[in-house]
1. When region 104-153 is examined, which residues are found to be within 20 Å of Cys178 (Cα to Cα), of a type in the set (Lys, Arg) and either out of contact with any Lys or Arg (no Cβ under 8 Å at 6 or more places or on another chain) or not assigned by TED's automatic domain parsing to the domain that holds Ile174 (or both)?
2. Quick check, is Leu14 within 24 Å of Asp138 (Cβ to Cβ) and in a loop (DSSP other than H, G, I, E, B)?
3. How many of the residues making up region 146-162 are closer than 14 Å to Val49 by Cβ, of a type in the set (Asp, Glu) and not in a helix (DSSP H, G or I)?
4. Considering only residues that are among the polar types (S, T, N, Q), more than 26 Å from Gly92 (Cβ to Cβ) and not in a helix (DSSP H, G or I), which ones fall in region 121-145?
5. In a loop (DSSP other than H, G, I, E, B), at pLDDT 95 or above and of a type outside the set (Gly, Ala, Ser) - does that describe any residue in region 89-98?
6. Just to be sure before I move on: is Met186 in contact with a Cys (Cβ under 6 Å, 6 or more places away or on another chain) and at pLDDT 95 or above in the structure I sent?
7. Can you go through Lys73, Lys90, Lys106 and tell me which one is buried (at least 16 other Cβ atoms within 10 Å of the Cβ), touching a strand residue (DSSP E or B) at 6+ places or on another chain (Cβ under 6 Å) and basic (Lys, Arg)?
8. Taking the condition surrounded by 17 or more Cβ atoms within 10 Å (Cβ to Cβ) and farther than 16 Å from Ser112 by Cβ, does Ala39 pass?
Amino acid sequence: MHTIEAVIFDMDGLMFDTERLSQESWRLAGNDLGLVVPASVTLRVIGHVIEDIRGILREEMGPEFPVEAFGSKANEHYQRLIEDKPFPIKPGLIELLDFLEVMGLKTAVATSSRSTTAEKKLRAGGVRGRFPTVVSGDQVANGKPAPDIFLEAARRLGLDPSKCIVLEDSEMGIRGACAAGMRAIMVPDLIIPNDEMRRLTTDIFPSLIDFLVQFRRQLA
C-alpha cells in the first residue's frame, strides 16, 4: 500500500446511500405507470450508465416496455428524493477523506452518473471540494465494466493506474477497475460479493470505516 498515490471513489452506494433511493424511485415510477420491475432487474442495473440501463430494461422487460416513459418518471422521483435533507452520506466518508488529505494522497471520483447529477450529489454531500478530479459516465466512450472511466481518472491525476486504489460497491465497477490495472477494494452496498468479486478484489470491507482502520494500519 505504500506505493499507492491516489484513491478513486465510486459515488452511489459507496460514498452516498443513494442506491436505495434509486430503487425507491423505480418503485414509484412503476406505481405511476401500473408496472412492476422485479428486484432482480433493479439490482442488475447498479453501476451501469444510463444507456446500458435502457438496454437492460428492454432485454429483461421486453420490447413493449415503455423505457423512455418509465425512465422519465423514475428520474422525476429520484431527483426529488436526493434533494431531501439530510443528504445520505455513508459512515466513515469524511473521516477517510480527512485521513487521505493528511497523508497527501490524491482523490478522484469515477461515477456512472451523468456529470450534472454527480455535481449535484457531491455538493449536496458537502464533499465537492474534496475531489479536484471527477469523471462521470457521460464523459467517457464506454461505461463500467469497461476501464475507460478509471483510466481517464488516472490520466487527469497524472498517475500510472498501478498507483491507484479504487473503492467500489458494484460488480461493474470492480471489473472496470481491474481491467484498468488498478487495485480494487469492494465495500458492498446492496450486492452481496460473489466468488468472482472475492477473486478480483484486493480486499472486501463491510464499511468505509473498516477500510480506513486497515488502510491506516498499513500506511503506519
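1. The answer is Lys106, and nothing else.
2. Spelling it out, Leu14 is indeed within 24 Å of Asp138 (Cβ to Cβ) and in a loop (DSSP other than H, G, I, E, B).
3. Summing the residues that are closer than 14 Å to Val49 by Cβ, of a type in the set (Asp, Glu) and not in a helix (DSSP H, G or I) in region 146-162 gives 0.
4. Taking region 121-145 and keeping what is among the polar types (S, T, N, Q), we get 133, 136, 139, 142.
Filter once more, keeping what is more than 26 Å from Gly92 (Cβ to Cβ): 139, 142.
Answer for region 121-145, where residues must be among the polar types (S, T, N, Q), more than 26 Å from Gly92 (Cβ to Cβ) and not in a helix (DSSP H, G or I): just Asn142.
5. Yes, region 89-98 has at least one match.
6. So Met186 does not fit the description; no.
7. Lys106
8. Details: surrounded by 17 or more Cβ atoms within 10 Å (Cβ to Cβ): no; farther than 16 Å from Ser112 by Cβ: yes.
So Ala39 fails the test.
The values are calculated or read from the model by the stated rules, or taken from the named source; none is laboratory data. Here the structure is a predicted model, which means the values were calculated and not measured. With ideal geometry, Cβ positions are generated from the backbone for all residues, glycine too; neighbour counts draw on all protein chains shown.
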